[in-house]
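The values are calculated or read from the model by the stated rules, or taken from the named source; none is laboratory data. Every value quoted in this text rests on a predicted model; they were computed, and no experiment measured them. Positions of Cβ are backbone-derived with ideal geometry, glycine not excepted, and every protein chain shown enters the neighbour counts. Just so you know, the surface numbers come from the protein's heavy atoms only, side chains and all, with ligands and any DNA or RNA stripped out. Shrake-Rupley method; radii C 1.70, N 1.55, O 1.52, S 1.80 Å.
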Amino acid sequence: MLWTGLWFKCPKSRSDMRWAGAWIVCAVACLVAPLAAPLAAEEPWVTAQGQGITAARFEAPDDSYPHRIMGTIPERRVLAVRDAQGREVRVDLREGPEPDHVFEDIAPRVVDADGDGRLDVVLVEADPTLGAQLAVYSLRQGRLVKAAATPHIGTRFRWLAPAAIADLNGDGVTDIAYVETPHLGKTLRVWSWAPGGLTEIARLSGVTNHRIGDEVIWGGLRDCGQGPEIVVADTGFQRLLAVAFDGPTLAARPLGLRATAAGFDQAMTCG
């Protein structure tokens with residue numbers, strides 16, 4: 001399943017869900033039954049080919065942090081992964097050093113986040129007091145660990161929406177981009193790997209990729225022959241922009257498309 005900015009399409013099977021440059025997500029009908037239901041439906045596995053983690057999903061929907069910025073998609077407390085041999089490993093936030101944390105994301109992303117040739121999971125994790133952070137989970141000696149994370153935003157009920165994972169500036173190092181507070185501050189921030197973890201290398205204000213209640217993160221990464229670009233909306237969610245590095249800084253250019261489902265689909269397919 002490839003999300004191209006138009007809408008969700010539920011996969012026919014769990015193996016159909018794959019990362020392919022844009023975020024892999026599924027409609028709430030595919031994701032999870034309402035919390036009030038006697039038995040919550042299992043979320044589908046997000047899969048990818050490679051070494052390390054080859055599938056991931058969230059489990060254990062939870063209402064301890066009732067932000068619900070993603071519409072009817074709940075926060076969750078468990079991340080489950082599979083490796084290339086089919087072995088399943090889980091991390092339950094309630095049993096770790098940060099027991100109040102939740103996973104506050106549409107779906108996990110299975111991608112080589114650090115360029116070591118092994119697939120990781122990139123997701124949004126939230127602290128009930130400090131708000132969201134972007135986190136990278138990896139398999140280390142059979143254990144699922146948080147290998148890196150950005151700082152929390154710093155305020156309760158503040159969220160971020162991932163936008164791209166790629167070498168965005170051509171230096172050979174994988175970068176991770178997200179829009180911090182897409183409903184308030186609307187700032188695109190790009191982080192890269194450096195000794196000790198993730199370091200911010202650029203930011204650009206006045207863009208967004210999510211509206212309150214949306215069950216999708218819009219836009220994402222594309223390459224239409226001019227290098228990697230991040231498709232986002234302007235601050236009013238009216239027009240589409242393509243953001244790319246211009247030297248050491250980020251620059252946005254208008255795409256001449258409206259910020260509608262059809263507009264995002266056209267932009268993501270280089271139309």
Query raised in the report: Of the numbered conditions (1) in contact with a strand residue (DSSP E or B) (Cβ under 6 Å, 6 or more places away or on another chain); (2) within 22 Å of Arg140 (Cβ to Cβ); (3) assigned to a loop (DSSP other than H, G, I, E, B), Gln85 satisfies every one except a single condition; which is it?
Result: (1)
Requested in this report: Report yes if some residue within region 95-117 is of a type outside the set (D, E, K, R) and at positive phi; otherwise report no.
Outcome: yes
**Report entry** Selection count where residues are under 18 Å from Val190 (Cβ atoms) and either among the acidic types (Asp, Glu) or within 19 Å of the chain's Cα centre (by Cα) (or both), scope region 219-240
**Finding:** 11
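Okay, residues lined up against (1) open to solvent by 20 Å² or more (accessible area, probe 1.4 Å); (2) touching a residue at least 12 places away in the same chain (Cβ under 8 Å):
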{"site": "Thr72", "(1), (2)": "yes, yes"}
{"site": "Ala80", "(1), (2)": "no, yes"}
{"site": "Val89", "(1), (2)": "yes, yes"}
{"site": "Leu93", "(1), (2)": "no, yes"}
{"site": "Pro97", "(1), (2)": "yes, no"}
{"site": "Arg109", "(1), (2)": "no, yes"}
Query - Residue tally, condition under 20 Å from the mean Cα position of the chain (by Cα) and outside any loop (DSSP other than H, G, I, E, B), over region 88-109 - result: 7
Report task. Would you check which residues across region 207-235 are buried (at least 24 other Cβ atoms within 10 Å of the Cβ) and in a loop (DSSP other than H, G, I, E, B) and list them? Result -> Asn209, His210, Val216, Ile217, Trp218, Gly219
Query raised in the report: Could you give every pair whose Cβ atoms fall below 7 Å, whose first residue belongs to region 236-259 and is in a strand (DSSP E or B), and whose second residue is surrounded by fewer than 16 Cβ atoms within 10 Å (Cβ to Cβ) and among the polar types (S, T, N, Q), counting only separations of at least 6 or pairs across chains?
Result: Arg258/Gln238
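Listed here are the residues, each with its yes/no results for (1) of a type outside the set (Gly, Ala, Ser); (2) closer than 25 Å to His67 by Cα; (3) under 17 Å from the mean Cα position of the chain (by Cα).
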| position | (1), (2), (3) |
| --- | --- |
| Ala148 | no, yes, yes |
| Thr155 | yes, yes, no |
| Ile165 | yes, no, yes |
| Val190 | yes, yes, yes |
Report summary line: Sole miss for Leu184 among (1) hydrophobic (A, V, I, L, M, F, W, C); (2) within 19 Å of the chain's Cα centre (by Cα); (3) open to solvent by less than 40 Å² (accessible area, probe 1.4 Å) is condition (3)
